[in-house]
1. Could you list, in sequence order, the residues of segment B:18-51 that are within 15 Å of B:D115 (Cβ to Cβ) and touching a residue at least 60 places away in the same chain (Cβ under 8 Å)?
2. If you check every pair at least six apart or on different chains, which have Cβ atoms under 9 Å apart with a residue in segment A:57-79 that is within 30 Å of B:N288 (Cα to Cα) first and a residue that is part of a loop (DSSP other than H, G, I, E, B) and among the aromatic types (F, W, Y) second?
3. B:E104 is checked against (1) within 14 Å of another protein chain (Cβ to nearest Cβ); (2) surrounded by fewer than 20 Cβ atoms within 10 Å (Cβ to Cβ) and fails just one. What number does that condition carry?
4. Would you say B:D182 is of a type in the set (D, E), out of contact with any Phe, Trp or Tyr (no Cβ under 9 Å at 6 or more places or on another chain) and modelled with pLDDT under 95?
5. Could you tell me whether A:E195 is more than 8 Å from chain B (Cβ to nearest Cβ), more than 22 Å from B:R175 (Cβ to Cβ) and of a type in the set (D, E)?
6. Give me the helices (runs of 4 or more DSSP H) completely within segment A:115-233, filtered to those with at least 2 residues that are in the same structural domain as A:E25 (by TED's automatic domain parsing), ordered by residue number.
7. For segment B:165-222, name all the residues that are of a type in the set (G, A, S) and over 26 Å from B:N88 (Cβ atoms).
8. If I go through segment A:279-304 residue by residue, how many of them are more than 14 Å from chain B (Cβ to nearest Cβ), crowded, with 18+ Cβ neighbours inside 10 Å and more than 19 Å from A:N134 (Cα to Cα)?
Number of protein chains: 2
Amino acid sequence: MKDLYCAVDLGGTKINIGIMTKEGEVLDNIKIPTEVEKGPANSINNIKNTIYELLERLNLNKNDLNGIGIGSPGPIDSEKGIIVESGNLKGWKDVKLVEKLSEEFKGINIKLQNDGNAAALGEYLFGFGKGCKNFIYITVSTGVGGGAIIDSKLQVGASSNGFEAGHMIINLDGRKCNCGNDGCFEAYASGTAIEKIACERIVNEESIISDLAQGGKVKAQYVFEAAKRGDKLALEIVENEGYYLGVGIFNIIAMYNPEKISIGGGVSNCLEMFYDKMMDTINSMSLNSSTQICKVKKAQRDDCGLVGAGALAFYDI
Amino acid sequence: MKDLYCAVDLGGTKINIGIMTKEGEVLDNIKIPTEVEKGPANSINNIKNTIYELLERLNLNKNDLNGIGIGSPGPIDSEKGIIVESGNLKGWKDVKLVEKLSEEFKGINIKLQNDGNAAALGEYLFGFGKGCKNFIYITVSTGVGGGAIIDSKLQVGASSNGFEAGHMIINLDGRKCNCGNDGCFEAYASGTAIEKIACERIVNEESIISDLAQGGKVKAQYVFEAAKRGDKLALEIVENEGYYLGVGIFNIIAMYNPEKISIGGGVSNCLEMFYDKMMDTINSMSLNSSTQICKVKKAQRDDCGLVGAGALAFYDI
């Protein structure tokens, strides 16, 4: 029997649950809706049932699990195993997730970490970060998050809330962020930012973005689609995405001096459309001794949030 | 005989050399001018002679030294013991500092690290950072630099150039920095920035700053002096220093989630004049779970650059 672990990637809309090996191979996984509005007890129950379903499908029982690792939107309290509060899990407050799961899975080691840290660990152990000592994972989707590996160890921070890269101020008094601050990195470079910027500009500028949205919500994917079709406004917004991402990544390189950076999250699926602008931005700036050695690529593991969560159960943080 | 170490804090204008214990007690030290323009060979020779002078004063010989640690302006190559190039040591390039000193001090362990990292280590081991696991040291003087301790280990980075906090972009297309970029943290919050901002504004605004400078160079200390005397413009510039420093520190908290931050460097001598504005800025922003737990204070060890350099010789990085 291989060393087997259960991985739980808890998100605002869905929960991805899998059984994996220590080498990052996912033997099986199931995605279920989070149903945030039904409250944490319902979701915890669904997680339990899904773990049993997976064990059954793999012809295993719970004692075959060497541990359970959970990645969750923060802020969390990793030591107490509590989700303190989260913008992505509205209404959930001080959820004793580890305690509740421990009641069902007695004697099994259960770890909780914020989702950005978990994903960074997954991409580090099983993806582009493999083998390097200083590594950064950035996820660009609704927000901008991620995690840092420093000298082969996951940066957790004093209260498990390190690497809130999305809320770095990059433009004093700039665009309003959902967090309440002005000028955050994610107010410029997230998928949400792309959507907002497009919404503001299509009011006065000609673009097929509105046609693609068909009167509905403008989504980042429409902006990328319009850019692919040569739409001038969309091309400019996509180019700016490369610029803003480049500025934020430059800041991260300045602070962490990493060997490698992986970019994941929904927006990274179109990375090739703004990669050159992003790299030009980074390379046009100072600190060459740090920027030149740093390799930046799309994340290799789409499921790094899942395998990183599982790895929490055996990786010594 | 106690464990004794030699510490070399190499700066752009002076070199501070001391003999210290493992507990951070400096038994004796001597400051000599760097004389950058005379080239590295001259300075290295002066360092050697000063070490011998100190040993003589303490009635020791070189075999009593368990190691020599050097903090130097970066970029450096710590592994090779080379100063790669430095804006503060003009004309010095690929200086094999460790090799040259090793010829004189055979068999003695010699370590080189960038000065911000060394100072962070000093303040961590012997100052305000003592006993905590996640700690940041920021120096605010000509530029803004510092270092980070993460989970009780010094963050070095892939090429020993981590924590270039001064070159974080905080204001896109903002004030020009000496590094060539626009909008760097140090273009707003360093002593040099205070001087430049004062110079720009006294052209059109009434202020006693010009009187204090007596037609000479406007120095940051004149701005602080004018503010103490109630000068309106100076008070505004000092208030803004608190704001900008607060923004940069917020970014650092967002990324590192530290328990404590120490502020050192010349400008920190007037910290009480802008401390409240700085803290108000930090506390008015998001990420409360990280900002609330973080204590920010003036550095306890004025000589953290020196004792941190010495500690490099015995601290396992």
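1. B:G18
2. Between residues of segment A:57-79 that are within 30 Å of B:N288 (Cα to Cα) and residues that are part of a loop (DSSP other than H, G, I, E, B) and among the aromatic types (F, W, Y), the close pairs are A:I68/A:F105; A:G69/A:F314; A:G69/A:Y315.
3. (1)
4. no
5. Answer is yes for this residue.
6. Passing ranges, in order: A:115-126.
7. If the condition is that a residue be of a type in the set (G, A, S) and over 26 Å from B:N88 (Cβ atoms), then B:S207, B:S210, B:G215 are the ones that fit.
8. So the count comes out to 1.
The values are calculated or read from the model by the stated rules, or taken from the named source; none is laboratory data. None of these values were measured; they are calculated from a predicted model. For neighbour counting, all protein chains shown are included, and Cβ atoms are generated from backbone atoms with ideal geometry for every residue, glycine included.
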